[in-house]
Amino acid sequence: MRFKDVFSIIGPAMIGPSSSHTAGAVRIGRAARRLFGRQPAEAVVTLYGSFAETYAGHGTDRAIAGGLLDYDTDDVRLPNALEEAERQGLRISFRTGVGMGPHPNYARIELRDEHGTAEMSGASIGGGNIQVVSINGFDVGCSGMYPTLVVTAADRQGVLASLTRVVSDAGLNIGYMMVDRKARDGEAMTVIEVDARPPETLLQEVRRLPHVTELAVIDLTSGS
Amino acid sequence: MRFQTLRQLAELCERESKTIAALMTEEQAQESGEPAEKAIGRMTEYYRIMKEAVRKGITENVVSHSGLTGGDAKKVADYAANGEPSVGEWPAKAMAYALSVSEVNASMGRIIATPTAGSCGILPGVLVSSQERYGWDDDKMVQGLFCAGAIGYVIANNSFISGAEGGCQAEIGSAIGMAAGCLVELRGGSPTQVIHGVGLALKNTLGLICDPVAGLVEVPCIVRNGLGAVNALAAADMALAGMRSVIPSDEVIGVMREIGGTMPMEHRETALGGLAQTPTGRKLAEQLRQEQR
């Protein structure tokens, strides 16, 4: 189901004017920020479809900047997010993509700083809800409305079994999971939505698993 | 959630002798793994924000971020209080309140998306005016929001709630259906009557395109919120009177999906067609572009 609970219909509490172009854009920016794990130094944002056509009037640029600053959808600082990003030394450039993306409201965000880079694409599907559709070139599908483990690992037999075992041992239930790989025996990504906030000990355990190279957590349900 | 269609929702409620609001509150607790009190608390806070937005727009001269709209909610509220509105006093108030929240949204103020920001005026317009009219307490209004959420959940998962995907019918239409349905329940209608109210309401907005002038959530969105609140009251009355939706409401939702899926891109929020491309619509868009430079 694309919409999972009562608050995906009633809500979010948000700063106007558009749930798709403003609130959804905040969440796409914030999901990218959480994926990156820290405030980036530079962001390149490419807007497609209706995002590209109407972003100025809806404050989509301010909204994505606010998300990159880790603001929530009803943060009263959103109207000034572009200025605040500049003040904090976060350089953001906006481009409009050619043609339609895979969804009418679609943005691709590339982040970097001196320690690394990340890429995430997300669609704003209505009422402020989002779908993350790609991460670092892997096809994924998650909403950010559940704590989400994003695991990069080598494509090897047993990696998934060991991943799901440590998640289960931590007492967490998996609600959704998706795997994509770049090539057989190549790099693979596993996205796991869990029903409760993962404890720090679990994250450490996942990082120590054989063949796991990277772990990020996207969680838009919590304040930090 | 144990239901995917409105019919399943009504059958579950009738089998378990529950209101839609009570069932949805339980289902939410189950889905989130948290006690129902937590969801009720969050919904109560949302209702408070809705009332705050209603008050703001009818007491202050709210002006939109672009300068294109604002101040109309106050005009209509004053007219409703002092004039003799043709639709009657209470529908005029519902209309004023809906316009108010919608204007606050356009001013980059704080609102609750119900189901979207473009349609954020209709539920508060109907609920806040009905609360004043019937003397209901906030707890009852919060139940109304859970009922509206259940209806919206079915529409969203079987069709659309965004203008970019399905046109204005998906936003304003869904909001009217949600508001009509929850008002039927708040006024004592059965779950089956609620479902008929949703279908009656939705049929009246089928095919409505999303054609915002200059791409902004202002013209015609704000006026559609005002009129949408009145439509919701009327659809609720039809259902409470015992009128049925001859085409079952789930089938109407399917039609909304069919129409939205075949609607040209120009009429799905891109501002490339409809009112946005009238001579005046284009002139306003050009003026705003010049001002931004």
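The values are calculated or read from the model by the stated rules, or taken from the named source; none is laboratory data. The structure presented is a predicted model; accordingly, all values stated were derived computationally and were not measured. Glycine also receives a Cβ, built like all others from the backbone with ideal geometry; neighbour counts cover every protein chain displayed. SASA here: full protein model, heavy atoms, side chains in, ligands and nucleic acids out. Shrake-Rupley method; radii C 1.70, N 1.55, O 1.52, S 1.80 Å.
Within the range B:159-175, what residues put their amide N at less than 12 Å from the label point 7 Å along the Cα-to-Cβ vector of B:V255?
Hits in the range B:159-175 for B:V255 at 12 Å: none.
Could you bin all the Cα-Cα distances of the range B:87-173 into 10 Å bins starting at 0 and give me the percent of pairs in each, rounded to whole numbers?
Computed distribution, short to long bins: 17, 44, 34, 5.
Within the range A:122-161, name every residue whose backbone N is under 13 Å away from a label modeled 7 Å from Cα of A:D185 along the Cβ vector.
A:155-157
Let a ≥ b ≥ c be the square roots of the eigenvalues of the Cα gyration tensor of the range B:153-213; is it rounded (a/c under 1.5), or, if not, prolate (a/b larger than b/c) or oblate?
Prolate is the answer for the range B:153-213, as a/c is 1.5 or above and a/b outweighs b/c.
Hey, in the GNM for chain B with a 10 angstrom Cα cutoff, which one of B:G71, B:G144, B:G83 fluctuates hardest?
B:G83
Between B:E45 and A:Q157, what FRET efficiency follows from the Cβ-Cβ distance if R0 is 41 Å, with the result rounded to 0.05?
Efficiency computed from Cβ-Cβ geometry: 0.25.
Tell me, what is the FRET efficiency for A:L203 and B:R282 to the nearest 0.05, using R0 = 60 angstrom and their Cβ-Cβ distance as r?
Taking R0 as 60 Å, the efficiency between A:L203 and B:R282 is 0.65.
Over the Cα atoms of the range B:1-145, Rg to Rh with Kirkwood Rh, two decimal places?
Value, to two decimals: 1.05.
Taking only the alpha-carbon atoms of chain B, what semi-axes of the equivalent ellipsoid follow from 5 times the gyration tensor eigenvalues under a square root, in whole Å, largest first?
30, 22, 18
Only protein chains counted, 1.4 angstrom probe. Which residues of the range B:97-137 are at least 50 Å² less accessible in the assembly than when their chain is isolated?
Relative to the lone chain, where solvent access is computed with a 1.4 Å probe, the range B:97-137 loses at least 50 Å² at B:M108, B:R110, B:A113.
Given a 1.4 angstrom probe, I'd like the percentage of the accessible area of the range A:7-136 that is carbon and sulfur, rounded to a whole number.
Summing carbon and sulfur atoms, their accessible area is 43 percent of the total for the range A:7-136.
Quote the relative contact order of the range B:137-293 in percent (integer), defining contacts as alpha-carbon pairs under 8 Å separated by 6+ residues.
Relative contact order comes out at 30 percent.
Arrange the residues B:L275, B:L284, B:L200, B:L123 by how much accessible surface each exposes, largest first, with a 1.4 angstrom probe.
Of B:L275, B:L284, B:L200, B:L123, the descending order of accessible area is B:L275, B:L284, B:L200, B:L123.
In nm, to one decimal, how far is the A:E114 label point from the B:Y79 one, both placed 7 Å along Cα→Cβ?
Using points 7 Å along Cα→Cβ, the separation is 6.3 nm.
Could you work out, residue by residue across A:48-55, how many beta carbons of other chains sit within 10 Å of that residue's beta carbon, and then give the average as an integer?
5
Using the crude model of +1 on Lys and Arg Cβ and -1 on Asp and Glu Cβ, and no other charge, please compute the dipole size for the range B:1-158 relative to its Cα centre, in debye to 20.
Rounded to the nearest 20 debye, it is 240 debye.
Taking the square root of 5 times each eigenvalue of the Cα gyration tensor, what semi-axes in Å does the equivalent ellipsoid of the range A:7-136 have, largest first?
The three semi-axes for the range A:7-136 are 20, 17, 14 Å.
So the label point goes 7 Å from the Cα of B:Q30 along Cα→C-beta, right? Which residues of the range A:1-35 then have their backbone N under 20 Å from it?
Residues A:1-10 qualify, since their backbone N sits under 20 Å from the label point.
Solvent-accessible area per residue for the protein assembly as shown at a 1.4 Å probe radius, Å²?
Accessible surface, normalised per residue, equals 39 Å².
In Å² (nearest 100), what accessible area is buried between B and A, both sides summed, heavy protein atoms only, 1.4 Å probe?
Interface area, both chains combined: 3400 Å², rounded to the nearest 100.
Largest first and in whole Å, what are the equivalent-ellipsoid semi-axes of the range A:148-218 based on the Cα gyration tensor, each being the root of 5 times an eigenvalue?
That gives 19, 12, 10 Å for the three semi-axes.
Each label point is 7 Å from the Cα along the Cα-to-Cβ direction; what then is the distance between the points at B:M243 and B:D137, in nm?
3.4
Under a Cβ-Cβ limit of 4.7 Å, which cysteines in chain B have nobody to pair with?
B:C13, B:C120, B:C221
Can you check what the Kirkwood hydrodynamic radius comes to for the protein assembly as shown, Cα pairs only, in Å to one decimal?
By the Kirkwood definition, the hydrodynamic radius is 23.2 Å.
Which entries in A:K4/B:K18; B:K18/B:K51; B:K75/B:K283; B:K140/B:K203; B:K18/B:K75; B:K38/B:K74 show an alpha-carbon gap greater than 30 Å?
The pairs that break the limit, which is 30 Å between Cα atoms, are B:K18/B:K75; B:K38/B:K74.
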